[in-house]
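Report on one structure; see the data block that follows.
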Amino acid sequence: MGLVHLHNILRWVILILLVFSIIKSFNGWKQKKPFTPGDKKIWLFTMIAAHITLLIGLYQLLFGRYGIVSKGLPDGVNIMKDKFYRFFLVEHPTGMIIAIALITLGYGMAKKTVSDETKFRKACWYFTIALLVILATVPWPFRQIVGRPLFPGG
Ligand code: HEM
């Protein structure tokens with residue numbers, strides 16, 4: 001199992017943890033629950049999964065099979081005009097870095113000295129926007145040219 005496979009499967013780990021984080025923060029916010037160590041833990045796991053995926057992604061971007069450093073662009077390819085390269089080397093990394101920054105901000109709410117309601121409310125928004133950005137920038141199989149399998153090697 002290579003790094004691309006790990007990067008592929010971690011997508012599901014992030015999506016599942018993120019959906020849990022959203023549901024828990026939404027319930028905490030709307031039902032005015034107290035913020036617990038359990039809430040913090042699930043936000044933390046979500047952030048860790050995102051950061052591991054980020055590191056693997058950065059490695060792929062620089063040194064992978066389309067790596068900017070290891071391979072460079074094929075002759076005659078203009079990165080912004082070629083759909084494939086623009087997606088994998090620009091759109092996907094940019095979208096995902098934004099999403100991971102939002103997840104990090106969401107986790108950061110756990111440590112802020114604000115009311116529990118504010119923690120839940122802000123984290124819920126950060127995580128929800130992150131989820132939308134991830135859903136928009138994953139190379140889903142139905143996407144033309146850039147589509148990839150739902151599971152490693154699929
Ligand atoms: C939430 C974060 C991320 C998710 C869910 C995600 C998801 C994916 C998926 C599903 C693939 C296709 C894997 C396959 O072909 O089996 C992929 C490929 C790729 N990702 Fe990400 N990614 C994330 C973050 C990043 C970041 C931050 C970068 C770069 C900084 C990055 C760079 C790449 C590259 C370069 C590829 C193509 C690798 C190759 O085919 O050799 N990804 N990503």
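Return a yes/no flag: does region 50-64 have any residue that is free of Cβ contacts under 8 Å to residues at least 24 places away in the same chain, more than 20 Å from Ile98 (Cα to Cα) and either touching a Gly at 6+ places or on another chain (Cβ under 6 Å) or surrounded by 12 or more Cβ atoms within 10 Å (Cβ to Cβ) (or both). Yes: region 50-64 contains one or more residues that are free of Cβ contacts under 8 Å to residues at least 24 places away in the same chain, more than 20 Å from Ile98 (Cα to Cα) and either touching a Gly at 6+ places or on another chain (Cβ under 6 Å) or surrounded by 12 or more Cβ atoms within 10 Å (Cβ to Cβ) (or both). With a requirement of 2 or more residues that are acidic (Asp, Glu), the helices (runs of 4 or more DSSP H) lying completely within region 48-154 that satisfy it span 116-137.
Against the criterion of being closer than 20 Å to Val13 by Cα and either within 14 Å of the ligand (Cβ to nearest atom) or in contact with a helix residue (DSSP H, G or I) (Cβ under 6 Å, 6 or more places away or on another chain) (or both), Ala99 qualifies.
Does Gly64 count as in contact with a His (Cβ under 7 Å, 6 or more places away or on another chain), within 14 Å of the ligand (Cβ to nearest atom), at pLDDT 95 or above and not aromatic (Phe, Trp, Tyr)? Lay out the reasoning, then the answer.
Numbers: in contact with a His (Cβ under 7 Å, 6 or more places away or on another chain): no; within 14 Å of the ligand (Cβ to nearest atom): yes; at pLDDT 95 or above: yes; not aromatic (Phe, Trp, Tyr): yes.
Spelling it out, it is not the case that Gly64 is in contact with a His (Cβ under 7 Å, 6 or more places away or on another chain), within 14 Å of the ligand (Cβ to nearest atom), at pLDDT 95 or above and not aromatic (Phe, Trp, Tyr).
Quick one: would you say Lys41 is under 19 Å from Ile23 (Cα atoms), more than 16 Å from the ligand (Cβ to nearest atom) and surrounded by 18 or more Cβ atoms within 10 Å (Cβ to Cβ)? Judged against the criteria, Lys41 is not a match.
All of (1) over 19 Å from the mean Cα position of the chain (by Cα); (2) among the β-branched types (Val, Ile, Thr); (3) more than 21 Å from Ser25 (Cβ to Cβ) hold for Thr118 with one exception: (3).
Inclusion of Gly153 among residues that are in contact (Cβ under 8 Å) with a residue 24 or more places away in the chain and on the phi > 0 side of the Ramachandran plot is warranted.
Being without any contact (Cβ under 8 Å) to a residue 40 or more places away in the chain and part of a helix (DSSP H, G or I) is the filter; apply it to region 28-47 and report the residue that is farthest from the chain's Cα centre (by Cα).
The first filter runs over region 28-47 and keeps only residues without any contact (Cβ under 8 Å) to a residue 40 or more places away in the chain, leaving 30-31, 36-38, 41-42, 45.
Those left that are additionally part of a helix (DSSP H, G or I): 30, 37-38, 41-42, 45.
Details: Lys30: 25, Pro37: 23, Gly38: 21, Lys41: 18, Ile42: 15, Phe45: 13 Å.
Only one residue tops the list, namely Lys30.
Only one residue in Val19, Val69, Val77, Val4 is within 11 Å of the ligand (Cβ to nearest atom), surrounded by fewer than 17 Cβ atoms within 10 Å (Cβ to Cβ) and of a type in the set (Val, Ile, Thr). Which one? Going through Val19, Val69, Val77, Val4 in turn, just one is within 11 Å of the ligand (Cβ to nearest atom), surrounded by fewer than 17 Cβ atoms within 10 Å (Cβ to Cβ) and of a type in the set (Val, Ile, Thr): Val4. Of all residues in region 86-115, exactly one satisfies the criterion of being of a type in the set (Phe, Trp, Tyr) and more than 15 Å from the chain's Cα centre (by Cα), namely Phe87.
The values are calculated or read from the model by the stated rules, or taken from the named source; none is laboratory data. The model shown is predicted, which means the values in this text are computed figures rather than measured ones. Here Cβ is always computed from backbone atoms with ideal geometry, including for glycine, and neighbour counts include all displayed protein chains.
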